Every structure is written in C-alpha cells, then in structure tokens.
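Following: one structure in structure tokens, then a few remarks.
The values are calculated or read from the model by the stated rules, or taken from the named source; none is laboratory data. Not measured: the values here are computed from a predicted model. Glycine gets a Cβ as well: all are built from the backbone with ideal geometry, and neighbour counts include every protein chain shown. For the accessible areas, the whole protein counts, side chains as well, though only heavy atoms, and no ligand, DNA or RNA atoms are used. Shrake-Rupley method; radii C 1.70, N 1.55, O 1.52, S 1.80 Å.
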Amino acid sequence: MNTHRRTLLAATALLAVPRLALAYPDRSIRLIVPFAPGGGTDTTARIVAQALGERLGQSVVVENKPGAGGAIGMAAAAQAPADGYTLVMGHVATHVVNMAVHRNPGYDTARDFVALGITSTAANIAVVNPRRQPGIASAQELVAACRAKPGELSYGSAGVGSPAHITTALFLRTAGVEAQHVPYRGGAPATTDLVAGNLDFMFSGASDCIPHIRAGRLRGVAAASAKRLSGAPEIPTIAESGWPDFSFEIWHVISARTGTPAPVLEKLRTETEAALTSPTVIERITAMGVDATPTTGAAAQARVDRELALWVPMIRAAGITAE
C-alpha cells in the first residue's frame, strides 16, 4: 500500500509540472525598476513590459524602487518569491558594479538572479567643453592634459559607483593618470555643468551629450564602447585611440529569481526572446539613442557572468567604494 501510494504521489508531482507551465501566468506580474521613473532603465522597462505582457496575456506592471544606486530595488527583487511573478530590470551597475562598491548591497547577482534577456547596449562618451579645454580633441590629448596637471582636471558623474564614475576611474587607471571626481545626483546635471564650463571633462551618456555635441557645446573625444556607436559613428572608441583592450559598456538586463520553477523559467525565456526581437521593441529602444542588442537565454547569462568575473576585481583594485 505504501509503495502504491508513493507511486501515485510521484505521478501526481510529474503531472503538476506541465500544469504549472500551462497555468502561468494567471495574474499580473510586477517588474521592479531599481531607479526613479523617467530614466533610461525605467523607459526600457516600460517598453519591454508592454511587449512581454501582450505575449503572456497578463499585465506586467512596472514598480519603481529607487535608492542606493539600485541596491534597494534589487534587494526587494531578491527577497520576492521565486515564482515568476516578480522580475527586475537592471543594468551593468546593479548587476556588476554594486557587487564591488558595496560591502553588503542586500543581494548577490550570481546567487539571486537568472538573466532572461539583455535588451540594449550603450556606452558613455568622453566629452570636453571646447571653450574650457580648446586643446583637447582626442583621448591621447585628454590623457596628456591629465598627466600635465596630476589630479587637477575635474570630471563629473552621476554619483559614486555610477557607470560614468566607473568608466572614468577605470580609464584613468588604465592610462596611468589622475583627475578629480565631482559626483552629481544624476548624469544630466553633471553634463549641464560641463556645458556651463564648470568641469573639464566627463564620460557622459550618449542621450545626454550627443545633442550638445551636435550643437557644438561639447566635443566628443572617444566612446567607451567595443565598437563605434551608431548614434555618433564619427567618434572613435578608446580602443581605437590607443588602449585596445579597454571598453566599458552599459547594458540593460531583465532577470527572474534563481529557483523559479523550470517550466515557468522556460516560458519566460521564450516570451522574453520573442518580445526583445520584435521589430516594434527594437525600433522603440533604438529611438532612445542606444543600440538594441537582444541577447537571450544562455548568452545573456554568460555575459553577466563574464562581466562579474572581469570587472568586480578591477573595480575593487581601483579602490572605488560607495561607502
């Protein structure tokens, strides 16, 4: 009798797996954005949420939880049940940088999350104010100016540990020069101050600085991307400028909780891939001034893992900390 009962229970469990996949989702899904509304991560999340919701037949509701460089929202996502009803949209800072600059961010990327898909890739552009720095038109000239006045040239960023700060600090370390960091509460205010002539240079987001470059208010020096940006193809990369191994790209990634049931995870991966590769989503993301680079499944997870292994030791060795 006991053996027969165990057999029935095992068979019931096996039947429950496909039922779970068929039933999911039977209610709305929340997509946590660990930043305030209106920024690039929020806009990307809302584009993906609409497309994914249409494919899943349920609303995907964006929930903003900003603070601590994204750590608050990421920690909230890490504490949610691993049932597929809480997803999170982060980027290289939340998934990689925070692992290096915070002693205890409240989550662990490798332990707590599995990547569903990378939506887009962008990179900061090294820019100068041509009125304040008329002699800097290349990355080599920027480095030479920093070397001539060690620690005197100033650069802005969206805050300690932000992608702009990390990009600049790693580039200066690679080039063997120093400059003075001036953190702001956002990339746009820092760029505005550069335009006003209150900073010497910075690595600014493409959407923030390209309009100023086109208007002649800023001069693009080099892009921290692996290849030239489609929105500013005339600007060489840092790799082309004499540092062939350097690039620091900003990618957005949608993730689920580790431990999500396999059939639910498979469904999420399938529908995320379909959403990210749809012409409508690609067009809307490209219109933001970034490159739509839909990367899903194992390839998305591999990039997160690879960059954790690459950048966390380098950021720690550079002594960058948010605490």
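Going through region 172-213 one residue at a time, which ones are in a helix (DSSP H, G or I) and either buried (at least 24 other Cβ atoms within 10 Å of the Cβ) or among the hydroxyl-bearing types (Ser, Thr, Tyr) (or both)?
Let us first name the residues in region 172-213 that are in a helix (DSSP H, G or I), namely 172-175, 187-195, 206-213.
The answer is 174, 187, 190, 191, 192, 194, 206, 207, 208, 209.
Quick check on this structure: which one of 131, 185 is more than 16 Å from the chain's Cα centre (by Cα), among the basic types (Lys, Arg) and over 27 Å from residue 228 (Cβ atoms)?
Working: 131 fails: over 27 Å from residue 228 (Cβ atoms).
None of the others qualify; the one that does is 185.
Going by the structure shown, is residue 42 of a type outside the set (Val, Ile, Thr), surrounded by fewer than 21 Cβ atoms within 10 Å (Cβ to Cβ) and within 15 Å of the chain's Cα centre (by Cα)?
Numbers: of a type outside the set (Val, Ile, Thr): yes; surrounded by fewer than 21 Cβ atoms within 10 Å (Cβ to Cβ): yes; within 15 Å of the chain's Cα centre (by Cα): yes.
Yes; evaluated as a whole, the condition is true for this residue.
Given the residues 256, 190, 223, which is the only one that is within 22 Å of residue 35 (Cα to Cα), touching a Leu at 6+ places or on another chain (Cβ under 6 Å) and of a type outside the set (Asp, Glu)? Talk me through it step by step, then tell me what you get.
Numbers: 190 fails: touching a Leu at 6+ places or on another chain (Cβ under 6 Å); 223 fails: within 22 Å of residue 35 (Cα to Cα).
Exactly one residue qualifies, and that residue is 256.
Being part of a helix (DSSP H, G or I), open to solvent by less than 50 Å² (accessible area, probe 1.4 Å) and touching a Lys or Arg at 6+ places or on another chain (Cβ under 6 Å) is the filter here, so list the residues in region 48-90 that pass it. Talk me through it step by step, then tell me what you get.
Step one: filter region 48-90 for residues part of a helix (DSSP H, G or I), giving 48-56, 68-78.
This time we only want the ones that are open to solvent by less than 50 Å² (accessible area, probe 1.4 Å), so: 48-49, 51-53, 56, 69-71, 73-78.
The answer is 73, 76.
Show the residue pairs meeting these rules: Cβ distance below 8 Å; 6+ apart or different chains; first residue within region 176-194 and modelled with pLDDT of 90 or more; second residue among the polar types (S, T, N, Q) and part of a helix (DSSP H, G or I).
Sorted first by the residue in region 176-194, then by its partner, the pairs are 179/168; 181/168.
What number goes with the only condition from (1) touching a Gly at 6+ places or on another chain (Cβ under 9 Å); (2) touching a residue at least 60 places away in the same chain (Cβ under 8 Å); (3) hydrophobic (A, V, I, L, M, F, W, C) that residue 145 does not pass?
Just one mismatch for residue 145, condition (2).
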